[in-house]
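The values are calculated or read from the model by the stated rules, or taken from the named source; none is laboratory data. Predicted, not measured: the structure shown is a model, and the values here were computed from it. Here the Cβ positions follow ideal geometry from the backbone for every residue, glycine too, while neighbour counts run over all protein chains shown. Only protein heavy atoms, including side chains, enter the accessible area calculation; ligands, DNA and RNA are left aside. Shrake-Rupley method; radii C 1.70, N 1.55, O 1.52, S 1.80 Å.
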Amino acid sequence: MVYRAITVLVLWLCRNSGTYIIEHPEFGWLAFSGNLKADKNNIEVAIKTASKGRVFLAKENLWLTSDAGEIETFTYNQKDKTVLLNFNTSQSAIVPNILLNINPESGYEIEGFNKDKYNRYEIPANTNTVKLVKTK
């Protein structure tokens, strides 16, 4: 009963504010504001909300926010805990870099990209995919 109340509350709060991915004990994997496909190892979510720059993966306490750029798909590998992000590159002429924030308590990092003075990853806007790895 408590899970159902929490689910209803989350649904109400999530409208167009971001994409929220949870593993529910009764219903399995759910994505609010995204289309989810699950197989044995991977959870893939196509982002469908107005805010394509905010994704939360509850199982890993991973909160991604983009100050510039849009996330098109989010793929979580349950086995090795890696995350693949596919970006919308159609605005690369307007926006030179995708500016991605990753909450540090999640333990995730992107190797090969620098951070700016605000601790955001600067990813060239023509980059299609990046891989997040869990370091902690």
In segment 82-117, anything touching a residue at least 40 places away in the same chain (Cβ under 8 Å), over 21 Å from Ala46 (Cβ atoms) and either hydroxyl-bearing (Ser, Thr, Tyr) or touching a Gly at 6+ places or on another chain (Cβ under 9 Å) (or both) is listed as Ser106
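Have a look at Glu70, Glu105 and point out the one that is under 19 Å from Gly18 (Cα atoms), open to solvent by 50 Å² or more (accessible area, probe 1.4 Å) and either touching a strand residue (DSSP E or B) at 6+ places or on another chain (Cβ under 6 Å) or acidic (Asp, Glu) (or both). Don't jump to the end; show me each part of the working.
On the way: Glu105 fails: under 19 Å from Gly18 (Cα atoms).
It is Glu70.
Would you mind stating whether Ala50 is among the hydrophobic types (A, V, I, L, M, F, W, C), over 26 Å from Pro25 (Cα atoms) and open to solvent by 10 Å² or more (accessible area, probe 1.4 Å)? If you could, list the steps in order and put the result at the bottom.
Working: among the hydrophobic types (A, V, I, L, M, F, W, C): yes; over 26 Å from Pro25 (Cα atoms): yes; open to solvent by 10 Å² or more (accessible area, probe 1.4 Å): yes.
Taking the combined requirement at face value, the residue satisfies it.
For segment 12-69, give me every one of the strands (runs of 3 or more DSSP E) that falls completely inside it and has 3 or more residues that are under 13 Å from the mean Cα position of the chain (by Cα), under 22 Å from Ile94 (Cβ atoms) and modelled with pLDDT of 90 or more.
Numbers: elements: 19-24, 28-32, 34-38, 42-47, 54-57, 62-68.
Because the criterion is at least 3 residues that are under 13 Å from the mean Cα position of the chain (by Cα), under 22 Å from Ile94 (Cβ atoms) and modelled with pLDDT of 90 or more, the strands (runs of 3 or more DSSP E) in segment 12-69 that meet it are 62-68.
Does Asn119 satisfy the condition of being surrounded by 15 or more Cβ atoms within 10 Å (Cβ to Cβ) and under 22 Å from Thr135 (Cα atoms)?
In short, no.
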